[in-house]
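S.K.: Quick one: this structure, given as structure tokens, is what I'll be asking you about.
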Amino acid sequence: MSRSRATDVSTVKKPVNSDQQGKIAGLAVVVMAAGLGKRMCSKQAKVLHPVAGQALVLYSVGLGLRVAGDRIAVVVGHQADLVRQVIAHATGGPNGGAPVTIVEQREQLGTGHAVLQSRPVFGVGKRGAPSRYLILNGDTPLLQEKTLRELLRVHETERATVTILTAVLTDASGYGRVVRANSAERGVSRIVEDRDADAEEQAIREVNVGTYVVDGEFLFSALEKLDPSNAQGEYYLTEIIHLAVAQGHRVAAVVLDNPDEGLGVNTRRQLADAEQVVRHQIRERWLDAGVTMIDPASVWIDATVTVGKDTVLYPNVTLEGTTVIGEDCVLRSSTRLKDCTIGNGVEILDHCVCADSHIEDGAHVGPFVHLRPGVVVRKKAKVGNFVEMKKTDLGEGSKANHLSYLGDAQIGKGVNIGAGTITCNYDGVRKSQTVIGDGVFLGSDTQLIAPVTVGAGAIIAAGTTVTEDVPADALAIGRVPQVNRQGWAARRRALQAGANRETLNVKRETKPAHHTEKQPQASKGGQVKKHSRG
Ligand code: UD1
Ligand code: CA
């Protein structure tokens, strides 16, 4: 990014006072997130719409936490409770206490009014009140931390009262335009909103990004002077620039090198644009960290996911939520993992859907596996080919390789789950547990009517419906004894053939004697053939 010419005059270079974690002393952050976002045409508050799986507002909150620590207030309004919950969930420390203060703006009277609501949080006018405020829109997910630090640095070195972030766009429509003075310095004189701009102002391509550093002493006194006589009848935060200039204060500006970083999400199109950019950045981050992607553009990784070194992601893999993947894993095509923990050296074949489950080192899953919440696949266990699991712990080295449903089950080590095994865990009212000991062998097509326990080392014969507990090392067999009737099938075929002949004869005899015209015949496929006249 570059400083605007207007601010280059300064020679003072004083580093901003940062602590170990890079938190800047005396700084407070205000995130504005109360608006509905009419242009989204949505029932959901704009700041809750996700980008790379993370609500828009959390991008600004995350930046705020990194630069200012716990001195951060988020102004909420539309769907305040939901926004509050999303922020608390994402930022809650080990004690569940979010280091973020939520302030409610009951009526959305504009961005200036929004910031004013945060005044009680910071003990303004008292000792220890913040010396500077970093104010962020809640809808700018592409903003980078280093840009904010540069903005803060320029604010210090320029001894400015207000410092704004700007971008020069080809299409500036919708944004507030930065009006500069005609003087040689071309200092910022005010910001004019798109809807209030005249033709000349609309032609300006330098826009306000919605990121400001403002001196503590100035901010709240200026906010009280705002006047809502504008096209939207709102208290515009941007008016403070004009007020600062009028009072002879210094206003500095930092121009983004990459204007895309300033993207404000007002519409679904802009949301989609932001999604593309963030997804691309996330992929590059993991590629740089040693993850292989066969076709990066088709891989979807949420902002909150972690992937280990030397893991290979095939096309169309989707990694969502809090998923953590270890090293040396292979995830084949079209697999989707949400909130899963995957160990090292795990292989997940094509078309698996897994949620809220743990897969331990060296395990093998897929193809076509559905792991619903609460599954643990222990070390070197195998789950494959159309197996569905839910709240089930599959022990170390155990195998469930074909066509099974395993729900509410505790399965020991080295167990073989035969093809077609079903845990009958639900009686229409209650869910019940199935417990299977170490080394059990379940033959194919076993049904386990829960609650039921199969002791270690037991064998269940194929086709058994297990209704009673099975002792350790026992054989359980529960099926109708087989009877072989010699020649029965051949006799049946012969009888059948005779019966068919008789039926045909009866039909022929009942045909009327005068009936000579050929009737349409049934073809092989059972369709009626039209008589052709050739
Ligand atoms: C705002 C700026 C504009 C800038 C643009 C950059 C103002 C007046 N205009 O316009 O100069 O170019 O951002 O993206 O500030 N909000 C509240 N309470 C309110 C109104 C808004 O909390 O009463 C929040 C919104 O939830 C949003 C942010 O403030 O996160 C910005 O509001 P929005 O309506 O998107 O402002 P823009 O029209 O984009
Ligand atoms: Ca906006």
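Quick note: the coordinates plus some simple rules give every number you see, no bench work behind them. All figures in this text were calculated on a predicted structure; none of them were measured in a lab. Virtual Cβ from ideal backbone geometry, glycine too; neighbours counted across all protein chains shown.
S.K.: Sorted from fewest to most neighbouring beta carbons within 10 Å, what does the list LYS391, LYS23 look like?
M.R.: Listed from fewest to most nearby Cβ atoms, that is LYS23, LYS391.
S.K.: Can you sort LEU48, LEU219, LEU256 so the residue with the fewest Cβ neighbours within 10 Å comes first?
M.R.: The fewest-first ordering by Cβ neighbours comes to LEU48, LEU256, LEU219.
S.K.: Expressed in nm to one decimal, what extension gain is obtained for the pair SER298 and ARG269 from 0.36 nm per residue of sequence separation less their Cα-Cα distance?
M.R.: Here the answer is 8.5 nm.
S.K.: Treating each Cα of region 268-476 as an identical point scatterer and ignoring solvent, apply the Debye formula and state log10 I(q)/I(0) at q = 0.17 Å⁻¹.
M.R.: Each listed q maps to, in turn, -1.01.
S.K.: If you count the DSSP beta bridges with both ends in region 2-262, what percent of them are antiparallel, to the nearest 5?
M.R.: DSSP beta bridges in region 2-262 are roughly 50 percent antiparallel.
S.K.: If I stretch the segment between SER333 and ARG205 completely, what's the gain in nm (0.36 nm per residue apart, minus their alpha carbon distance), one decimal?
M.R.: 41.7 nm
S.K.: Another one. Return the sequence-ordered ³J(HN,Hα) values of region 459-474 in whole Hz as given by the Karplus equation 6.51 cos²θ - 1.76 cosθ + 1.60 applied to θ = phi - 60°, using x for Gly and Pro.
M.R.: 10, 10, 5, 3, x, 8, 9, 8, 10, 10, 4, 10, x, 4, 6, 8
S.K.: Another question, then. Could you give the dipole magnitude of region 119-228 about its Cα centre, charging the beta-carbon of Lys and Arg +1 and that of Asp and Glu -1, in debye to the nearest 20?
M.R.: 560
S.K.: Tell me which of GLY123, ILE282, THR453 sits at the most positive position along the dipole axis of the chain, charges placed on C-beta atoms (Lys, Arg +1; Asp, Glu -1).
M.R.: Comparing the listed Cα positions along the dipole, THR453 ranks first.
S.K.: May I ask you to derive the FRET efficiency for GLU224 and THR170 from their Cβ-Cβ distance with R0 = 30 Å, giving the value to the nearest 0.05?
M.R.: The computed FRET efficiency comes out at 0.20.
S.K.: Quick check: pseudo-label points 7 Å beyond the Cα along Cα→Cβ at GLU185 and ASP260, how many nm apart are they?
M.R.: For GLU185 paired with ASP260, the spin-label model returns 3.5 nm.
S.K.: So if each residue of separation counts as 0.36 nm, and I subtract the Cα-Cα distance between LYS507 and GLU468, what length gain in nm does that give?
M.R.: The span from LYS507 to GLU468 would gain 8.4 nm if fully extended.
S.K.: With r defined as the distance between the Cβ atoms of ASP310 and GLU284 and R0 fixed at 22 Å, what FRET efficiency is calculated, to the nearest 0.05?
M.R.: Efficiency, from the Cβ-Cβ distance: 0.80.
S.K.: Normalised radius of gyration for the chain, please: alpha carbon Rg relative to 2.2 N^0.38 Å, two decimal places.
M.R.: Working it through for the chain, the quotient is 1.46.
S.K.: Within region 413-428, list the residues whose amide N lies under 17 Å from a label point set 7 Å along Cα→Cβ of ILE449.
M.R.: Label zone hits: 422-428.
S.K.: Can you compute the FRET efficiency between GLN247 and ASN344 using 1/(1 + (r/R0)^6), with r the Cβ-Cβ distance and R0 = 60 Å? Round to the nearest 0.05.
M.R.: Efficiency, from the Cβ-Cβ distance: 0.45.
S.K.: Right, next: Placing unit charges on C-beta atoms (Lys and Arg positive, Asp and Glu negative, everything else neutral), compute the dipole magnitude of the chain about its Cα centre in debye, rounded to 20.
M.R.: With only Lys, Arg, Asp and Glu charged at Cβ, the dipole is about 2380 debye.
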